[in-house]
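Undergrad: The structure that follows is given in the form of structure tokens.
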Amino acid sequence: MNRSEQFIYIIGAGFAGQMIAAEIARKKIFGKTAAFIDDDPELIGKKIDGIPVLGPVDEFISFLRHSDRDEAIIAMPSAPKERIKSVYEALSRAGFSRIKILPALSQILDGSAHLIQARAIDPLDVLGRTPVTISLKESLAYLRGKRVLITGAGGSIGSELARQLLSGGAQRLYLFGHGENSIYQIDKELHILQKEGVGEKAVIVPVIGDLKNRDYMFYILSKLKADVIFHCAAYKHVPLMEENPVAVIENNVFGTKNLLDASVESGTERFVLISTDKAVDPVSVYGVSKMLCEKLVLQTAENLQEKNPGIEKKAAYMFVRFGNVLGSRGSILPLFAEQLKTGGPLTVTHPDMKRFFMTIPEACSLVLKAGGVGMNATPYLLDMGEPIKIEEIARQFIRFSGLEPDKDVQIAYIGLRPGERLEEPLWTKEENPQQTEYPKILKLKPVCKDFPLHKVLEKLYPICVDARQEVYRSRAELLKILTEEVPSLKEAYHGTTRIIR
């Protein structure tokens, strides 16, 4: 062997691995595929397109001789996380420092895997449960030929929705966001993916704008004529929003109202709000903002139905609620990664703190599914499985990095911050979640008739929007209104050191 050449070992000789090998051979710039490594006894010892199939995986990797330049690509898109973890550990023990992985099966079900989709393996690939497999091709059929708008398209959820929507056959994909850098990044990434053959040839249109600008939202939606909207944009960092309560209500609540009203006027058929477990009996201003957004969506849906009987056969306005997603910007895994770079400690709020977790790709696949099968004025909840202790995730993260918790890296407990609680409920008692015919998608009972939404928004408007009013930007007045109208927030503030001023 000429050891100056880079060799690539593909773990998995199925359709995904074979497509990757074919692309490597065709482009001739990434190195040379040295072998497939697989567990299938019917394949081991044979050749596929001239490339030997070696194995079984764990045994063969353990004595594989390779150089530092060589790379391993795990091409096992249907394998459970436990298997991915064991393969990764075997590769690490064998000294591979360059390990990539293909995305989950749900993202390559259009029958094509591409080398550009391979990325460096990270803790998300081995932590948590094995995601449910959703056929994107089938799930996205309702979007074929449609104009689809994603707000917050540069964020973690919005950008993953955009990636998956490439397979949907949409006519146009509008990437709406306030931050030019994040929109630039996802716009560039999607064009590269399309160039490399991923997905279909939707026209991608970046749109820079601000949801808080009501006139602009009516103008831009009248021009874009979006058939379907996925509303992901929100301020969402809980402790930060506790310090900026007026800003979060202005952006999340009134921004959502502007978008909803403009969507109805421009004839948008489907509207899907991305919501959060923090909206359930909220104890933070962010949680209250998302609760109000949920109620706004349901109210809009009900008004549509009342004014246009039978419209629910064509239009559907809904929200989809779920818990934490692993790896989103500002969440614990990126924080742990930064802390690990400096040797720790990894900070955990409390040893008993638990959260429901789901990977971003799984959550997005389910949201896209719900957006197609969901009914008007109906709330949905993703089945998050069992909650996981944050401390356990920290320990697994340290082990993934080849270190030992409490020995190489310490874990420090920092205590609950304003707006946080040990556990987040996913639903209220009144919502009574019910199974649907679709795996991992639950239906909730709409609960909003007894809440004085219109009155609350009227009180909040002069604080958040009308600069001519004396109470404009008054934090104290805003918190007074919210604690009066939301019992769970009042209870959370009572008995804490949080001061309404």
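The values are calculated or read from the model by the stated rules, or taken from the named source; none is laboratory data. These numbers were taken from a predicted model, which means no experiment stands behind them. Quick reminder, even Gly has a Cβ in these numbers, built from the backbone with ideal geometry, and neighbours come from all protein chains shown.
Residues checked against (1) aromatic (Phe, Trp, Tyr); (2) outside the structural domain of Thr359 (by TED's automatic domain parsing); (3) farther than 25 Å from Thr130 by Cα:
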site: Phe36; (1), (2), (3): yes, yes, no
site: Leu43; (1), (2), (3): no, yes, yes
site: Ile51; (1), (2), (3): no, yes, yes
site: Ser67; (1), (2), (3): no, yes, yes
site: Lys81; (1), (2), (3): no, yes, no
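Undergrad: Please indicate, with yes or no, whether at least one residue in region 163-182 is aromatic (Phe, Trp, Tyr) and free of Cβ contacts under 8 Å to residues at least 24 places away in the same chain. I'd like the intermediate steps shown before the answer.
TA: So in region 163-182, the residues aromatic (Phe, Trp, Tyr) come out as 174, 176.
Filter again for free of Cβ contacts under 8 Å to residues at least 24 places away in the same chain, leaving none.
The answer is no, given that none of the residues of region 163-182 is aromatic (Phe, Trp, Tyr) and free of Cβ contacts under 8 Å to residues at least 24 places away in the same chain.
Undergrad: Also: Identify, from the list Glu392, Glu423, the residue that is part of a helix (DSSP H, G or I), surrounded by fewer than 16 Cβ atoms within 10 Å (Cβ to Cβ) and modelled with pLDDT of 90 or more. Full working, then the answer.
TA: Values: Glu423 fails: part of a helix (DSSP H, G or I).
Only one candidate passes the filter, namely Glu392.
Undergrad: Taking the criterion of being farther than 22 Å from Tyr88 by Cα and either basic (Lys, Arg) or in contact with a strand residue (DSSP E or B) (Cβ under 8 Å, 6 or more places away or on another chain) (or both), would at least one residue in region 390-402 satisfy it? Full working, then the answer.
TA: Quick first cut of region 390-402, residues farther than 22 Å from Tyr88 by Cα only: 390-391.
Pick out the ones that are also either basic (Lys, Arg) or in contact with a strand residue (DSSP E or B) (Cβ under 8 Å, 6 or more places away or on another chain) (or both) and you get 390-391.
Yes, that holds for at least one residue.
Undergrad: Of all residues being out of contact with any helix residue (DSSP H, G or I) (no Cβ under 7 Å at 6 or more places or on another chain) and either of a type in the set (Gly, Ala, Ser) or surrounded by 15 or more Cβ atoms within 10 Å (Cβ to Cβ) (or both) in region 211-225, which is nearest to Glu23 (Cα to Cα)? Just the residue, please. Before the answer, list the steps.
TA: In the first step, residues of region 211-225 are kept if they are out of contact with any helix residue (DSSP H, G or I) (no Cβ under 7 Å at 6 or more places or on another chain); the result is 213, 215-216, 219-220, 223-224.
Within this subset, residues satisfying the condition of being either of a type in the set (Gly, Ala, Ser) or surrounded by 15 or more Cβ atoms within 10 Å (Cβ to Cβ) (or both) are 220, 224.
Values: Ile220: 41, Leu224: 37 Å.
Residue satisfying both the conditions and the ranking: Leu224.
Undergrad: Got a number for residues in region 227-246 being more than 17 Å from Gly155 (Cβ to Cβ) and not acidic (Asp, Glu)?
TA: So the first thing to find is which residues in region 227-246 are more than 17 Å from Gly155 (Cβ to Cβ), and the list is 227-228, 239, 242-246.
Add one more test, that the residue is not acidic (Asp, Glu), and what stays is 228, 239, 244-246.
Within region 227-246, residues that are more than 17 Å from Gly155 (Cβ to Cβ) and not acidic (Asp, Glu) number 5.
Undergrad: I'm told Asp68 meets every condition in (1) over 25 Å from Glu200 (Cα atoms); (2) touching a Leu at 6+ places or on another chain (Cβ under 6 Å); (3) surrounded by fewer than 19 Cβ atoms within 10 Å (Cβ to Cβ) except one. Can you identify the failing condition by its number?
TA: With respect to (1) over 25 Å from Glu200 (Cα atoms); (2) touching a Leu at 6+ places or on another chain (Cβ under 6 Å); (3) surrounded by fewer than 19 Cβ atoms within 10 Å (Cβ to Cβ), Asp68 is out only on (2).
Undergrad: Hey, could you check region 272-285 for residues that are of a type outside the set (Val, Ile, Thr) and either outside any helix (DSSP H, G or I) or touching a strand residue (DSSP E or B) at 6+ places or on another chain (Cβ under 8 Å) (or both) and say which is nearest to Ala316 (Cα to Cα)?
TA: In this case the residue turns out to be Leu273.
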